[in-house]
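The values are calculated or read from the model by the stated rules, or taken from the named source; none is laboratory data. Quantities reported herein were computed from a predicted structural model and do not represent experimental measurements. Glycine gets a Cβ as well: all are built from the backbone with ideal geometry, and neighbour counts include every protein chain shown. When the accessible area is computed, the model is the full protein with side chains, heavy atoms only, and any ligands, DNA or RNA have been set aside. Shrake-Rupley method; radii C 1.70, N 1.55, O 1.52, S 1.80 Å.
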Amino acid sequence: MGIIRSKLENDLYKFSMSYFYMMKYPKAEGEFAFTDRNNSEYSEEFVDALRDEIREFARLELTADEFEWAVKTIPYIPRFFWEWYRGFKLDPSAVSISLDEEKHLHIKAIGYLYQITFWAVPLLAMVSELKNKLAGNKFDPSDLTEKTQRKIKISNDNGMKFSLFGLRRRFSGEVEDFTTNLIKNQAKYCVGTSNVYLAFKYHMRPTGTLAHELIMAAGSWYGYRMANYTIMEQWSDVFGIDLGTMLIDTFTCNAFFNNFSRKHAALFSSLRIDSGDEFSLADDAIEKYQELGIDPTQKTLIFSNSLDFAKALTIQQYCGARVKVSFGIGGNITSDIPGVKPSNIVMKLSRCRINDKGGWSPCIKISDDEGKHMGDEKELQRAFTELRLS
């Protein structure tokens with residue numbers, strides 16, 4: 001068995017976005033590109049092992065039990081989608097891998113968005129685990145148990161809700177499985193996991209809605225000022241009142257709030273904040289709800305930017321009773337191994353086109369964290385001008 005153990009082993013939002021692409025953009029194509037923010041060096045041995053993992057992933061098939069569970073547990077994605085996914089074959093030739101002269105790793109995956117989106121997260125998990133495997137890194141189950149239980153205690157003692165977001169940069173599948181099992185059995189306020197396979201395995205709620213890639217694509221098609229608005233409208237067309245969490249920081253949170261209407265504030269149950277200063281953005285979100293005449297105490301802010309449990313608790317205490325809060329916590333659970341530097345890798349949409357008649361356009365992301373903007377420099381400058389960002 002390879003690093004990816006099931007055709008369900010992906011973040012939930014990859015399935016919801018695939019279905020969304022089918023409904024709204026069935027002819028849209030995209031290219032995902034890999035970035036290692038640590039500028040790590042890789043070997044030819046690593047590349048060969050990664051290619052083997054890609055082939056193993058492409059051979060996976062959805063089991064009968066997985067299929068029936070998905071149809072029952074994820075009803076907002078209809079049965080015909082799961083019937084399609086059961087027969088869909090991932091194509092390894094859609095993924096290209098190379099090393100440059102400085103031994104930096106380059107990965108690209110290109111194809112129809114409703115298909116190619118399934119590669120991004122598993123590829124990151126493969127890279128992260130292979131790095132640890134080839135380096136001979138190990139984990140101590142006793143140490144991991146003790147540390148995870150301390151984190152669980154923070155949540156249990158403070159009624160702190162969180163979801164596991166640990167698949168893409170995990171130390172290994174074994175570590176994610178191990179910590180998920182502990183949390184399932186001991187954490188009172190864990191609301192689920194983004195890893196759909198582990199949700200299936202441990203009878204947990206699969207969690208997630210959409211990723212930056214979708215709003216990045218909309219920015220390239222409709223302009224950066226209209227991207228958030230367009231996706232909010234179309235997302236509600238497809239899912240109605242289900243999957244009511246909107247990601248707000250693709251082109252900065254301020255740009256999102258400029259598009260956030262009373263209708264959207266009433267319709268979406270929660271906002272996910274994945275970059276920037278959590279405290280000031282919490283204030284901004286609460287103020288925006290109040291400005292729109294919406295009671296913020298009935299809404300939820302989900303924070304997911306490289307959090308540990310101590311910081312999450314600080315954010316919860318800061319927000320108090322003004323708004324509900326929850327947290328997506330990943331690397332602090334699945335990559336917290338002594339002496340091992342966690343991978344700092346991403347696989348982002350680099351370009352796309354809405355159909356085969358349209359030209360390819362670059363895709364960018366403007367983070368609320370300094371130094372984390374992504375994409376073509378000229379396109380970034382164009383977006384800054386369009387959004388009137390300093």
Worksheet, complete the sentence: For ILE302, the lone unmet condition from (1) of a type in the set (A, V, I, L, M); (2) outside any strand (DSSP E or B); (3) open to solvent by 10 Å² or more (accessible area, probe 1.4 Å); (4) under 23 Å from LYS365 (Cα atoms) is (2)
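Taking the condition of being of a type in the set (Asp, Glu) and in contact with a Ser or Thr (Cβ under 8 Å, 6 or more places away or on another chain), how many residues in the range 161-179 meet it?
1
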Fill in: Identity of the residue in the range 358-372, part of a loop (DSSP other than H, G, I, E, B), at pLDDT 90 or above and within 23 Å of ILE116 (Cα to Cα), that ends up most open to solvent (accessible area, probe 1.4 Å)
TRP360
Worksheet item: So, in the range 106-144, of the ones that are of a type in the set (A, V, I, L, M), open to solvent by less than 10 Å² (accessible area, probe 1.4 Å) and more than 30 Å from PRO26 (Cα to Cα), which residue ends up farthest from the chain's Cα centre (by Cα)?
Response: LEU144
Response to the item:
Selection from the range 151-170 of residues over 18 Å from CYS319 (Cα atoms) and part of a loop (DSSP other than H, G, I, E, B) yields PHE165, GLY166, LEU167, ARG168, ARG169, ARG170
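Results for (1) under 17 Å from GLY192 (Cβ atoms); (2) at pLDDT 95 or above; (3) out of contact with any Phe, Trp or Tyr (no Cβ under 6 Å at 6 or more places or on another chain), shown as yes or no for each residue.
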position: ARG272; (1), (2), (3): yes, yes, yes
position: GLN290; (1), (2), (3): no, yes, yes
position: GLN298; (1), (2), (3): no, yes, yes
position: ILE302; (1), (2), (3): yes, yes, yes
position: ALA310; (1), (2), (3): no, yes, yes
position: TYR318; (1), (2), (3): no, yes, no
position: PHE327; (1), (2), (3): yes, yes, no
Worksheet item: Hey, any hits in the range 244-266 for a residue that's free of Cβ contacts under 8 Å to residues at least 24 places away in the same chain and within 17 Å of the chain's Cα centre (by Cα)?
Response: no
Practice prompt. Give the number of residues within the range 5-27 that are more than 27 Å from ARG169 (Cβ to Cβ) and in contact with a strand residue (DSSP E or B) (Cβ under 8 Å, 6 or more places away or on another chain).
Written response: 2
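Looking only at the range 337-357, how many residues end up being within 21 Å of the chain's Cα centre (by Cα) and assigned to a loop (DSSP other than H, G, I, E, B)?
Filtering the range 337-357 for residues within 21 Å of the chain's Cα centre (by Cα) gives 341-352.
Applying the additional criterion that residues be assigned to a loop (DSSP other than H, G, I, E, B) yields 341-344.
Adding up the residues that qualify gives 4.
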Response to the item:
When restricted to TYR85, TYR76, the only residue open to solvent by 10 Å² or more (accessible area, probe 1.4 Å), closer than 25 Å to GLY192 by Cα and either at pLDDT below 95 or not charged (D, E, K, R) (or both) is TYR76
Worksheet item: Restricting the search to the range 32-65, which residues are buried (at least 19 other Cβ atoms within 10 Å of the Cβ) and either in contact with a strand residue (DSSP E or B) (Cβ under 7 Å, 6 or more places away or on another chain) or among the β-branched types (Val, Ile, Thr) (or both)?
Response: PHE32, ALA33, PHE34, TYR42, LEU50, ILE54
Worksheet item: How many residues are within 16 Å of the chain's Cα centre (by Cα) and in a loop (DSSP other than H, G, I, E, B) when one looks only at the range 1-22?
Response: 3
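Would you point out the residue of the range 179-202, among those that are among the hydroxyl-bearing types (Ser, Thr, Tyr) and not in a loop (DSSP other than H, G, I, E, B), that is farthest from GLU66 (Cα to Cα)?
So in the range 179-202, the residues among the hydroxyl-bearing types (Ser, Thr, Tyr) come out as 179-180, 189, 193-194, 197, 202.
Those left that are additionally not in a loop (DSSP other than H, G, I, E, B): 179-180, 193, 197, 202.
Values: THR179: 22, THR180: 18, THR193: 16, TYR197: 8, TYR202: 12 Å.
If we take residues in the range 179-202 being among the hydroxyl-bearing types (Ser, Thr, Tyr) and not in a loop (DSSP other than H, G, I, E, B), then THR179 is farthest from GLU66 (Cα to Cα).
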Worksheet item: Do the conditions hold for ASP308, that is, is it under 30 Å from GLU129 (Cβ atoms), open to solvent by less than 50 Å² (accessible area, probe 1.4 Å) and among the acidic types (Asp, Glu)?
Response: no
Worksheet, complete the sentence: Scanning the range 317-350 residue by residue, those open to solvent by 20 Å² or more (accessible area, probe 1.4 Å), under 17 Å from TYR189 (Cβ atoms) and polar (S, T, N, Q) turn out to be GLN317, ASN332
Fill in: Which listed residue, of ILE329, ILE294, is in contact (Cβ under 8 Å) with a residue 40 or more places away in the chain and aliphatic (A, V, I, L, M)
ILE329
Practice prompt. Out of the residues in the range 240-283 that are polar (S, T, N, Q) and farther than 14 Å from HIS212 by Cβ, state the one that is surrounded by the most Cβ atoms within 10 Å (Cβ to Cβ).
Written response: ASN259
